[in-house]
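Heads up, the thing below is written out as structure tokens.
The values are calculated or read from the model by the stated rules, or taken from the named source; none is laboratory data. Source: prediction; values computed, not measured. Reconstructed Cβ throughout: ideal geometry from the backbone, glycine too, with neighbour counts over all protein chains shown.
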Amino acid sequence: MCCAALFVSCGECVEVARQYDRRVSDLRSLLASVRFVVFDFDGVFTDNRVWVNERGEESLAFSRSDGLGLRRLDEVGVRYLIVSTEPNPIVGARARKLGADCVQGVEDKLAVVRERTDAVGVELAATAYVGNDVNDADCLRAVGVPVVPADAWPEVKPLARWVLSRPGGAACVREFCDGVWEAQRA
């Protein structure tokens with residue numbers, strides 16, 4: 001059981017917290033430069049699994065913490081976009097609930113990233129991309145702050161400046177947003 005559940009500090013949990021603090025501290029100047037964030041959807045907001053019922057209807061699970069993280073980006077004036085390869089009503093519904101701009105059915109994510117950074121007047125160097133799989137590789141290479149969840153596909157992990165400690169669907173978006181928020185409030 002984690003010490004958070006017991007309301008006491010065990011050595012292991014304290015060390016995890018210290019490691020997180022060091023990572024955020026090392027990334028602070030990089031995160032302070034972020035003005036625009038593009039999030040992949042599946043594998044970032046979700047754990048990349050999908051449930052399908054007997055009628056063929058899909059269901060996904062999300063972390064409510066991610067929405068609070070996006071509010072923190074709002075607080076520091078960082079804009080954001082969700083990009084998804086697959087057109088799916090669930091993606092649009094979740095984006096609306098989060099108050100996030102969303103583009104779906106995207107074959108060339110990098111083209112969308114370039115188009116949107118131009119539209120909002122932000123350089124790629126001041127853009128973060130959070131993605132988890134090989135179809136995110138071009139975007140991760142192109143931006144100034146490439147980020148992946150802990151469970152990202154092995155081929156894209158080396159492209160990241162920050163490998164989050166949380167996997168997709170388990171508040172990795174919140175972890176990233178908190179890091180940006182902390183860096184920009186300093």
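Run residue 120 past the list (1) surrounded by fewer than 18 Cβ atoms within 10 Å (Cβ to Cβ); (2) touching a Phe, Trp or Tyr at 6+ places or on another chain (Cβ under 9 Å); (3) under 17 Å from residue 146 (Cα atoms) and report the number of the one that doesn't hold.
The number of the failed condition is (3).
Can you tell me how many residues within region 113-153 are free of Cβ contacts under 8 Å to residues at least 40 places away in the same chain and of a type in the set (Gly, Ala, Ser)?
Residues that pass the stated criteria total 5.
Would you mind stating whether residue 100 is surrounded by fewer than 19 Cβ atoms within 10 Å (Cβ to Cβ) and not aromatic (Phe, Trp, Tyr)?
no
Taking the conditions exactly as written (modelled with pLDDT under 95 and either buried (at least 23 other Cβ atoms within 10 Å of the Cβ) or outside any helix (DSSP H, G or I) (or both)), does residue 155 satisfy them or not?
No.
List the residue pairs whose Cβ atoms are under 6 Å apart, where the first residue sits in region 78-96 and is without any contact (Cβ under 8 Å) to a residue 60 or more places away in the chain and part of a helix (DSSP H, G or I), the second is crowded, with 21+ Cβ neighbours inside 10 Å and of a type in the set (A, V, I, L, M, F, W, C), and the two are 6 or more positions apart or on different chains.
These pairs meet every condition: 91/41; 95/82.
Consider residue 139 against the criteria (1) buried (at least 20 other Cβ atoms within 10 Å of the Cβ); (2) out of contact with any Lys or Arg (no Cβ under 6 Å at 6 or more places or on another chain): it satisfies all of them except one. Which criterion is unmet?
Single failed check for residue 139: (2).
Pick out the one residue from 174, 166 that is farther than 15 Å from residue 34 by Cα and either crowded, with 19+ Cβ neighbours inside 10 Å or among the aromatic types (Phe, Trp, Tyr) (or both).
Among 174, 166, only 174 is farther than 15 Å from residue 34 by Cα and either crowded, with 19+ Cβ neighbours inside 10 Å or among the aromatic types (Phe, Trp, Tyr) (or both).
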